[in-house]
1. At 0.36 nm per residue, and after removing the present C-alpha to C-alpha distance, how many nm does the segment from Asn27 to Met61 gain when stretched out fully?
2. Expressed as a rounded percentage, what relative contact order does segment 27-89 have, with Cα pairs under 8 Å and six or more residues apart?
3. Please report the spacing between the Cα centers of segment 37-91 and segment 20-34 in Å, no decimals.
4. What ranking do 75-83, 54-62, 29-37 get when scored by the average of other Cβ atoms within 10 Å per residue, highest first?
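Readers should treat all values here as calculations from the given coordinates under stated rules, not as data from a laboratory. Only a predicted model underlies this, so the values are computations on that prediction, with no experimental measurement involved. All Cβ positions, even for glycine, are placed from backbone atoms using ideal geometry, and neighbour counts span all protein chains on display.
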Amino acid sequence: MLLFVAKFLKTQKTIIMLLPDNIHPENTVYFNGAYVLQVLQQRPLQTYLELYQNVKAIKNMAYSMFILCLDWLFLLNAAQINSQGEVELCS
């Protein structure tokens, strides 16, 4: 069995998942997540539906994008689900 050592001469590129360069910034999770976070900061405890309606009132956002933004905020520990099933802003 032959093992080859690969050497890359190109500089390492940083791949940014939240801000890809091939789409408009307005269509990214990062950009839209800021709207969800803004609404949560105004009212830190809301149900999913209330939060979506409040976000949709300021930014016409598709439900699928809204869910992706919530997932991202959960991963960042910026938001969480409490025992009543409501979305709340983490401190």
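1. Between Asn27 and Met61, full extension yields 11.3 nm more.
2. Relative contact order for segment 27-89 comes out at 44 percent.
3. First find each Cα centre; the distance between them is then 17 Å.
4. Values: 75-83: 11.6, 54-62: 13.9, 29-37: 18.4.
My ranking of the peptides, most packed first, is 29-37, 54-62, 75-83.
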